[in-house]
Amino acid sequence: MAPGPGAPRPAQPARHAPAPKVISWTSLALLTVGSVGYLGSAPALSVFGLASVFLYVLPAFVFLVPVSLVAAELASGWPGGVYNWVREGISAPMGLLAVWCQFAQTIFYYPALLAYVASTLAYVFDPGLASNGVYNAIVIIVLFWGGVLVVSRGQALVARLGSGGTLLGTLIPAAILVAFGVAYLVQPNNSAAPMTASHLLPAWTGLGSIVLVVNSFFTYAGVEVNAVHVDELQNPAREYPRSIFLAMALVLAVFIGPTLAISWVIPSAQISLTAGVMQAFNSLFTHFGLGFAVPLIAIALAVGALAGMITWLDGPSEGLLRIGRSQGFLPPYFQKVNGQGIEVRIIAAQGTVITLIALLYAFIPSVSHAYWIFAVMATQVYLIMYVLMFVAAIRLRRSQPDHPRGYRAPALVLLCLVGAVSSVAALVIGFIPPAQFGHSNLLIYALLILAGILAIGILPPLLMDRFRKPGWKAAGDGSE
């Protein structure tokens, strides 16, 4: 997933103060809400109108619930994150692949997130810039390296800048968007998308018509990070499921409303996958004579997304650093950290690849198409990790049935099968171009997605395992 408010989070979180001994199940539910989804994902589903509700609910049951419950059992029995889970359940090389996929998905995701930020900020200056590839490329590069500079100064500064990001950039704007959308319909005005019972399910016009369901899976990706708190509940067996279902209800409420609001005011054929949120705000605020507030909401959305990105920028890279040191997967050069304890060399290497990806925005005719391609690649890479996690959970339940666990997921095998099948299905669907791409060549599109997954998601961990040297294991103290 991860990056912005609610973007995919690493299973090895960034450096935080020690967690309290006891956490309430309602507090854990709110943490989960803050770790999944962000408003930038709403436009992709708003093109379905009322059917978007189904496309949020279905992945919630077949993906969010299995991931949450299975990860809770793994976290309560095998601390250390997804590497340890998969290593114990399958093998060390597969554990490396899993933790690398957590890291690699951000390489695709950050350009997609920052393209959303760029399109949002365009409404402060000139909305026409939202579809300008050169503008998007420049903003992505500048904002990412600015985030690297901030993160390199240490966690104290990051914590101050990141506080309130979810509230400012997601919850408040979401509430405003829904309120104005409802007021627009009550006046009354006709909805741009049909809101009748016959439109509850997506219209079937071929596989391309359901491809955007992949976006729903990415909305929930990253929820496994909160499984580490399962042992802090007073009664995990009873309270953790409560927490997950409450979180699921809140997530659905927070994101279904804005998605529908966009579909009420913007015809589906005109919805931009990057600027759709601002299209809706611009339309509604102008309709109610509040056009002057459009730049303000744009800044709020951008600040919220950037705060989340900065807060978690070193999370996945820190997880990779820990495994690279303890298992010798990384050369000593990349095991170094700066005076603030930040793995700047890993982040800088990641930033170099992200810069090259960002430059593609200047050459791909449609910014929305570029955004979608990178978001799909991020989702595909992340889903590989989830498939490995589900396989490892089944094997651990069978091979180590008596291993101490603070929480045992009910019907674990069934949950894993549902989650794994759903993940594989989303992986397959992701190779098909959405209907919004027009008459794209299926083979070329699929090869493009596959090449990205292999080049950044699969090949690097294979090379890291193949060429690692004994002397790399725990090389030095890592300080510069």
Linear extension gain, Ala425 paired with Phe245, 0.36 nm per residue minus alpha-carbon span: 62.5 nm
Per-residue SASA entry for Thr355, accessible area with 1.4 Å probe, Å² rounded to 10: 30
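May I ask you to compute the full-extension gain from Leu417 to Ala92, defined as 0.36 nm times their residue separation minus their alpha-carbon distance, rounded to one decimal in nm? The partial results should precede the final answer.
Details: separation 325, 0.36 × 325 = 117.00 nm, distance 2.24 nm.
Result: 114.8 nm gained on full extension.
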Per residue value of the accessible surface for the chain (all protein chains in place, 1.4 Å probe), Å²: 38
Spacing of the two label points (7 Å from each Cα toward its C-beta) at Phe61 and Asp126, in nm: 4.9
Residues in segment 245-278 that a label on Val186 would reach, taking backbone N under 20 Å of a point 7 Å out along Cα→Cβ: 253-266
Top positive-direction residue, dipole computed over the chain with Cβ charges, set Ala426, Leu55, Pro236: Pro236
The chain, dipole about Cα centre (Lys/Arg Cβ +1, Asp/Glu Cβ -1), debye to the nearest 20: 820
Kirkwood hydrodynamic radius of the chain, Cα pairs, Å: 22.5
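Pop out the carbon and sulfur fraction of the accessible area of the chain as a percent, whole number, probe 1.4 Å. Kindly include the intermediate steps, with their values, before the conclusion.
Numbers: 12600 of 18180 Å².
Reported share for carbon and sulfur atoms: 69 percent.
Top to bottom by accessible area (1.4 Å), largest first, where do Met195, Met377 land? The partial results should precede the final answer.
Values: Met195 70, Met377 10 Å².
The ordering from most to least exposed comes out as Met195, Met377.
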Theoretical gain in end-to-end length, Ala348 to Leu200 [0.36 nm per residue, Cα-Cα removed]: 48.7 nm
Arg238 paired with Asp402, simple spin-label distance in nm, labels 7 Å along Cα-to-beta-carbon: 2.9
Computed over segment 253-395, Kirkwood Rh from alpha-carbon pairs, angstrom: 18.9
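What translational diffusion coefficient, to the nearest whole µm²/s, does segment 338-480 have by Stokes-Einstein, given a Kirkwood radius computed over alpha-carbon pairs, a temperature of 20 °C and 1.002 mPa s viscosity? Numbers along the way, then the final one.
Details: Rh = 18.8 Å.
D = 114 µm²/s.
Ranked highest first by the average count of other Cβ atoms within 10 Å around their residues, in what order do 366-376, 41-51, 99-109, 415-425 fall? Spell out each step's value before the answer.
Details: 366-376: 24.1, 41-51: 26.1, 99-109: 28.0, 415-425: 19.9.
Top of the packing list down: 99-109, 41-51, 366-376, 415-425.
The values are calculated or read from the model by the stated rules, or taken from the named source; none is laboratory data. Please read these numbers as outputs of a predicted model, since none were measured by experiment. Cβ coordinates were reconstructed from backbone atoms using ideal geometry, including for glycine residues, and neighbour counts include every protein chain displayed. Calculation scope for accessible area: heavy atoms of the full protein, side chains included, ligands and nucleic acids excluded. Shrake-Rupley method; radii C 1.70, N 1.55, O 1.52, S 1.80 Å.
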